Structure formats: structure tokens, C-alpha cells
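K.L.:
The structure follows.
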Amino acid sequence: MQMVTPAMGAQIQLPAFSARDVRKRPVTVEDGIRMKQIIDGDCSRGSDPNGCVAHFSPDGKRFVMVVKQGILESNTNEFSLLLFQTADPLDSPKPDILVKMSSNSNRDAIQKVRWLDDNETIVFLGEHPGTTAQIYTVDIKSKQVKRISNHRTSITNYDVTPDGQEVLFLADTPAIRMKDEEEVRRDGAIIRNQPLPELLEGNCSTSTYCAQQQVFLQRRKEAPIHIPVKGLVWDRNPVSIAPNGRCGVVGANLLAKDLPSSWRDYQFDENDYMHGFFFNTKGATPFAQYLVVDLEKGAAEPLWDAPMIQFPRFTWARDGHSLFLNSYLPLEETDSDERRTRKESAFPVEVKLPSREIRKITENEFPKEVDNDPPLSVKIEQGLESSPNVFVSDRRTQRRGLLLDLNPQFGQLNFGKVESFEWKAADGLAVVGGLYLPPDYAPGKRYPLVIQTHGFDSYRFSMDGSNEWGSGFAARFLAAKGMVVLQAYCLKDPKDLARIGSDPKWGATPQQAEKKFAVTAYEGAIDSLDKRGLIDPARVGILGFSRTVCFVADALTHSNYRFAAAILVDGIDCGYFGYLAFGGHPDKDALNGGRTPFGQNLTAWLAEAPGFNLDKVHTPVRLEAHGASSGALELWEWFSGLSRLGKPVEYLYLPDGKHILVKPWERRASQQGAVDWFSFWLNGEEDPTATKRNQYDRWRELRNEYSAGTSLIH
């Protein structure tokens, strides 16, 4: 792969396209949605984007994989559980399809695959359109599928004993509408810590979040037992049962109000930031605990009285009588020297259960999670210009072969070139991104540029530029429409981020410094690509998603560079209204240089918060929000403010969408909407499809008003 370097005056040199390339058709949003993908296995991926994808049976003789594909016609995602025999995968065998299930929700139709010790039964979470997610088993010989749970809400996570007799699972909390509660109808509701969107939605009473989970224990042929827990449990929190089946572990997050005062004595790496949760905040924190569940008694209690930062990875002893993990340790009942040591550092330890006896160990003493490595290595192989496929290799003979060609139809598509691209941001710091070029790229021609934010993975193939997130990102589809797309940005040296955050010239807080530097990275990219004669600097678009909505909002209100079009997708805008509506959080609030927009910090907020500077926006902006829990309120300050100022703005609301969109129709609305928006404003192009007539009527009206200069403030 060629690396594009920032040498002055250099042209991007690409190989000439062949006649065969010309016959291939351009890639579309629908191609991305229909692309087959592997749902990763349970092994740790670490920093490897290819991961491992196979679930091996305990005896190593078989393995299964889960394949996902979007079906636009039915607005569903189809999942297939494929079975392979370990003895013959190098000869490109046809997989045995054990189960096919489809989902029209935001959940995977097949997930959380587990083998039982009999080597013939597979357990998984599954669902059909219109149903809740439940636990199923499938017999690999008969292919008989059985549902073994019948919970009234969707099950989101689970673990099962090796014999399948007991299941520890998490399930959605039943929705509670405050107005339907007799007490509320009679006396009204006291608002405590509920964010505004939840109050308007009406599905929460006194809980901080609607999405918290309940914990249940189900013994075979018995009704599930609800296990009360202290703390907040989310669907992705760890759930695990010991190999001996006597106890389990569930991860619980802690609210600021629940943090023990004794935890203030610990010296965390980010001391000031972490201790802010003890004194100045309400709501969620980075602190967590593991709860040990006694499967015989059906009760849970904390592993110990000590904080965890998120959830440290743990391993069971093979006999199930102890846990191995790296964590802060309790301070009680220790001498002064040991107490001081425990306050300052986390340690690798073995914890005996149920006694809670602690033994400090080395990392090398952690047991391996499996007794023997499986005989085969099964991995996805991919690259910037190589679509993902599944390869298998024999660990003993080193023979290697293609196991599964996921998307043979890609041979008919003209993807264009993708390059890693390096440029200089402010202070000469090196920044790296991915450059997606039009399939018919011609050296010397200047193209429109779209900057997509939220990082870049140089080892991964991507249709949309950012790991198939589907929320606005549309790199290859935009390139197919004659635009250059830069997926930005990553610092070449990750240590530079800490240096930026500690330099007061960038901002009063590390968060503000990161935001300000991000804007200079976008500006540096424009300068670098302009100097190479690759882009037209008058036709630059930019897209922000999630956290980088704030960064792009800052660029639109504070940068001297003019953007011809912008999209802000389902993220924080660092604004005053968002602060009031969604509750304060030290990390987000500090993006404007002060923890709160009150008192002496108000001056900083007036200067920094994008919502207070909308009069400086000279760009047509498309806004997009997902999900009822946050809803259209998330970017309402921008929509209301730009509308009142007479500036061109449009707002797309997907009320059932997840943050990272899942359903095919929602993905198409978001991604195709981005392609159409940037094509219209950067290239002056309109899609002649009859169903889009109203869309272009709206946009032409916005353009006419914009060109006529009817904004109230210029």
C-alpha cells in the first residue's frame, strides 16, 4: 500500500485504471447495507481489528460463526449460525447452516453464542421480528431449536453453567410510565435526577436511566428468580458463571451519590478528574464494582469495598474457587504501609470465593482461559483496499486457506483507491487519516472534500470510513459521487494528546484543548490537500458524530475556514441547553473551559460554547438525532437558533434509531441523506429519483434564501 506523505507539491500517484475497472459499477449505500459481516467471537480482540471469529466446541472438533446481512426489502437484519468441522476447513467446505433468524429491532438476532460441555448443544440469545430477545439452544445433529427462557422483557446478556442447568441473565427493566402510577396521578411526581428527555418520554419514575437492567437466575424448569443488586447494571456489563457453577459475577456501575466516602483516599491516575465525582456531580461515574452472586441462595453482594475503574478483565480458576484480576484493593484491616501502597496502585490478585481471601500475584500467574488452544486459527483478514474474508490456518502444519468469501459480489464494484494520509496540524504535530478517492480519479483535477471525523483505522476495510457505524458516515459512497473523503483524525504519536491537554495555550482544561486542537487538524488537512492540487478549498464539507459533533460545531463557529456544507449526527454540541437538559458531566462540561456555565465561568462559555455563537455560522447544516431517550432535544439549540437566524438548516429525526444505527432503512436514511446533502451543496447535483422530489424542493429553497443573504445576522 502506498503511503501519501506531506511533501510540498507532491501529487497523489495512482495506477491507471484498466478497461475492466471501468466496466465495474460505482459502490452505493445499498451495497454497504447488504454487505455480509462476521459477528466476532468471544476471544479478546485487543488492538487487532481482525479479531477472532470462531466459537470452538470444548473438544475442539467443531466451531461456529455468526454472519450478519442487512435486508432492505424487509428492513431486517438476517443472522446465520454456521457450523464447520475442524478436520476439513482447509479444503473450503460448505458450512452447515444451523439456524437463521432475523431481527427488526436494534438487537442482533443471534448473539452471545456458548457451547455446553456435551459438545453438541449451543446456547445463544436470539429473536424473531416483533419478539423479545430470549435464550435458545440448538442441537447440532438434529438442528432442533428450543427456547429455554420466556421472560416478559428482552434478555440482553447471560452466562450458563457448563451443563446448561442454570442461567444467570440480565433483562430490560419493564417500562414505567409515571402518569400511569396512582401515586403520581394523585400527588404528582417529584423530579430528582431525571434528565429532561426521560421526563418527556414518561417511561421512568425515580431511576436515573431507563436502560438499566435487572438480574435474574433461572434454574432449568423453574421460574426465574429476581436478584436485587446495588448499583446500575447495563446490557454490556460483564456476566459470568464460575466453572463449578456455584457462583457468578455481574458488573455494576455506581452513581456519584453511592460512592463510599472512604474511596476518596485512593490516589487515581487522573486524581483531580476522578475525585470530582465525589464532590461535584450527580449521575453516572467511571467507578464500578463486581457483584458476586451465590447461585444456591440467589443473592448478590459486592466482591469487596474497593473501587474499580470500569471493569477490569478477570479470569476464573479452573476449579471455580477463585477469581484472578487486576484492581484496587480494600483499605480496611491493613497496616499503615500496606494501606499506603493500596491507596496508590492497583494490583494483580487472586481472590478466593466465598471467603474473599486476597493473594497478590504476578500477571504470569493468571490461568489461561482455555486449557488448550484450538487446533485451528480462524481470523478475518482485511486491509484498506481488501474487503474482509475469513481465513483458517492449521497451528501444527501452518497450512492456510480461505474459509469463507463473505462478499463475492464485491468483484463487480469499483471502490476507488484508499490511502493512509499524513499531514501537519498546529505546532507541526503529525496527524494521520484515511483518504478515499473517486473511482475515476484524475491527477490534477480539484475535487470537493468531505472531512469525516471520529478517528481512522489504517488496518481495516470500511465502506463508510469508520467501522460500518452507519450513522451518517458514507466515505466510499461519497467518493463514488466524485468527492474526496478524508476520515480524520488520529495523532501519529498518541503521547501528543497528553502534551496538548497539559498546554494552557490550547485551553483551560484538557477537554477544551482536545477540541481546539481537533479544529486545527481539520484546517491543516484542508491546507495540505489544497497545496497538492487535490481539492477545491471552496467546496469543503465536514461531518461530526457523537463526541466530534462538538468539535465540528466549534469549527463552524470559531474557525476562519469556510465550510460549504456540514452534518452533525447524534452527538453533544457542548451547548448551554444540552447542559441543562441532559445533566452535567465533568468531561463534557469542561469542553468549554469551565465546569459550569455559571459565575466566573460564564464568560468562557459565552466565548466558547458553539450555541452562543451561531451568528458566526455561514454553512448549510443538516442535523440528525437518534432515539426517543435523547430525541430531537440533543441538537435542538442548533436547530432553533439557526432557524431563528434565518440560516439554512434541516433536522432529520430517527426516533427508533440507536446511536450507531442498525436497521437498514434508518441506515439508508442517514447515509444516503449525507450523500445527497453533500452532492447538492458541493457538486450542485440532484438525484432524479421521483421519491426525492420534496427533498430537493426544500433544499433549493434553503439555497435560494442562503444565496439571497436573507439571514438575520451575517
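The values are calculated or read from the model by the stated rules, or taken from the named source; none is laboratory data. Because the structure is a prediction, the values reported are computed rather than measured. Here the Cβ is made from the backbone with ideal geometry for all residues, glycine too, and neighbour counts use every protein chain on show.
K.L.:
Checking the condition closer than 29 Å to LYS663 by Cβ and either outside the structural domain of LEU661 (by TED's automatic domain parsing) or of a type in the set (Asp, Glu) (or both), which residue from ASP427, ASP464, ASP493 passes?
P.N.:
ASP464
K.L.:
Please tell me if GLY416 is under 12 Å from VAL27 (Cβ atoms) and at pLDDT below 95.
P.N.:
Yes; evaluated as a whole, the condition is true for this residue.
K.L.:
Six or more apart or on different chains, Cβ under 9 Å: which pairs go from a residue in the stretch 486-511 that's farther than 11 Å from LEU429 by Cβ to one that's hydrophobic (A, V, I, L, M, F, W, C) and surrounded by fewer than 16 Cβ atoms within 10 Å (Cβ to Cβ)? Could you list them?
P.N.:
Cβ pairs passing all conditions: PRO510/ALA498.
K.L.:
Does ASP573 meet the test of being in a helix (DSSP H, G or I) and acidic (Asp, Glu)?
P.N.:
no
K.L.:
Still on this model: For the stretch 602-617, indicate whether the set of residues that are in contact (Cβ under 8 Å) with a residue 40 or more places away in the chain and outside any helix (DSSP H, G or I) is non-empty.
P.N.:
Yes, there is a match, as at least one residue in the stretch 602-617 is in contact (Cβ under 8 Å) with a residue 40 or more places away in the chain and outside any helix (DSSP H, G or I).
K.L.:
In the stretch 52-105, which residue that is at pLDDT below 95 and of a type in the set (Val, Ile, Thr) is farthest from THR131 (Cα to Cα)?
P.N.:
Filtering first and then ranking leaves THR86.
K.L.:
Contact list please: Cβ distance under 7 Å, first residue in the stretch 303-325 and among the hydroxyl-bearing types (Ser, Thr, Tyr), second residue assigned to a loop (DSSP other than H, G, I, E, B), pairs at least six apart or on different chains.
P.N.:
THR315/PHE366; THR315/PRO367; THR315/GLU369; SER322/LEU353
K.L.:
With the condition kept exactly as written, say whether any residue in the stretch 550-571 is aliphatic (A, V, I, L, M), farther than 19 Å from GLU523 by Cβ and under 25 Å from the mean Cα position of the chain (by Cα).
P.N.:
Within the stretch 550-571, one or more residues are aliphatic (A, V, I, L, M), farther than 19 Å from GLU523 by Cβ and under 25 Å from the mean Cα position of the chain (by Cα).
K.L.:
Consider SER458 carefully, then state whether it is assigned to a loop (DSSP other than H, G, I, E, B) and crowded, with 19+ Cβ neighbours inside 10 Å.
P.N.:
Answer is no for this residue.
K.L.:
Now for a different question. Please verify whether the stretch 442-449 includes one or more residues that are in contact (Cβ under 8 Å) with a residue 12 or more places away in the chain, basic (Lys, Arg), outside the structural domain of GLY472 (by TED's automatic domain parsing) and farther than 23 Å from PHE545 by Cβ.
P.N.:
no
K.L.:
In the stretch 143-166, how many residues are surrounded by fewer than 16 Cβ atoms within 10 Å (Cβ to Cβ) and under 15 Å from LYS221 (Cα atoms)?
P.N.:
6
K.L.:
When the residues of the stretch 284-342 are narrowed to those that are of a type in the set (S, T, N, Q) and part of a strand (DSSP E or B), which ends up nearest to PHE582 (Cα to Cα)?
P.N.:
The residue in question is THR285.
K.L.:
Give just the number: which of (1) touching a residue at least 60 places away in the same chain (Cβ under 8 Å); (2) assigned to a loop (DSSP other than H, G, I, E, B) does PHE563 not satisfy?
P.N.:
All conditions pass for PHE563, except number (1).
K.L.:
Right, next: Assess whether GLU666 counts as being assigned to a helix (DSSP H, G or I), at pLDDT 95 or above and not aliphatic (A, V, I, L, M).
P.N.:
yes
K.L.:
Next question, about the same structure. Scanning for something free of Cβ contacts under 8 Å to residues at least 60 places away in the same chain and over 28 Å from the mean Cα position of the chain (by Cα), does the stretch 373-383 turn up at least one residue?
P.N.:
Within the stretch 373-383, one or more residues are free of Cβ contacts under 8 Å to residues at least 60 places away in the same chain and over 28 Å from the mean Cα position of the chain (by Cα).
K.L.:
Working only within the stretch 58-75, note down all residues that are over 19 Å from LEU404 (Cβ atoms) and not in a loop (DSSP other than H, G, I, E, B).
P.N.:
ILE71
K.L.:
Next question, about the same structure. Can you run down the residue pairs with Cβ atoms below 6 Å, 6 or more apart or on separate chains, where the first is in the stretch 525-538 and in the same structural domain as LEU437 (by TED's automatic domain parsing) and the partner is among the aromatic types (Phe, Trp, Tyr) and part of a strand (DSSP E or B)?
P.N.:
ALA525/TRP423; SER528/TRP423; ILE535/TYR447
K.L.:
So which of GLY444, GLY507, GLY482, GLY465 is at positive phi and within 19 Å of the chain's Cα centre (by Cα)?
P.N.:
GLY465
K.L.:
If I filter the stretch 397-408 for residues that are under 30 Å from ARG318 (Cβ atoms) and either at pLDDT below 90 or surrounded by 17 or more Cβ atoms within 10 Å (Cβ to Cβ) (or both), do I get at least one hit?
P.N.:
yes
K.L.:
OK, next. Can VAL617 be described as among the aliphatic types (A, V, I, L, M) and closer than 23 Å to ALA479 by Cα?
P.N.:
no
K.L.:
Tell me yes or no: at least one residue of the stretch 479-492 is in contact with a Phe, Trp or Tyr (Cβ under 7 Å, 6 or more places away or on another chain) and part of a loop (DSSP other than H, G, I, E, B).
P.N.:
yes
K.L.:
Picking from GLY472, GLY433, which residue would you name as being within 20 Å of GLU514 (Cα to Cα), crowded, with 24+ Cβ neighbours inside 10 Å and in contact (Cβ under 8 Å) with a residue 40 or more places away in the chain?
P.N.:
None of the other options fit; the residue is GLY433.
K.L.:
Would you check which residues across the stretch 167-185 are buried (at least 20 other Cβ atoms within 10 Å of the Cβ) and of a type in the set (Asp, Glu) and list them?
P.N.:
none
K.L.:
Evaluate the stretch 92-103: report whether one residue or more is of a type outside the set (Ser, Thr, Tyr) and within 26 Å of the chain's Cα centre (by Cα).
P.N.:
The answer is yes, given that some residue of the stretch 92-103 is of a type outside the set (Ser, Thr, Tyr) and within 26 Å of the chain's Cα centre (by Cα).
K.L.:
In addition: Residue by residue through the stretch 343-373, note down the ones that are of a type in the set (Lys, Arg) and part of a helix (DSSP H, G or I).
P.N.:
Answer for the stretch 343-373, where residues must be of a type in the set (Lys, Arg) and part of a helix (DSSP H, G or I): just LYS343.
K.L.:
Being surrounded by 18 or more Cβ atoms within 10 Å (Cβ to Cβ), at pLDDT below 95 and closer than 28 Å to ALA669 by Cα narrows it down to one residue among ALA513, ALA488; which is it?
P.N.:
ALA488
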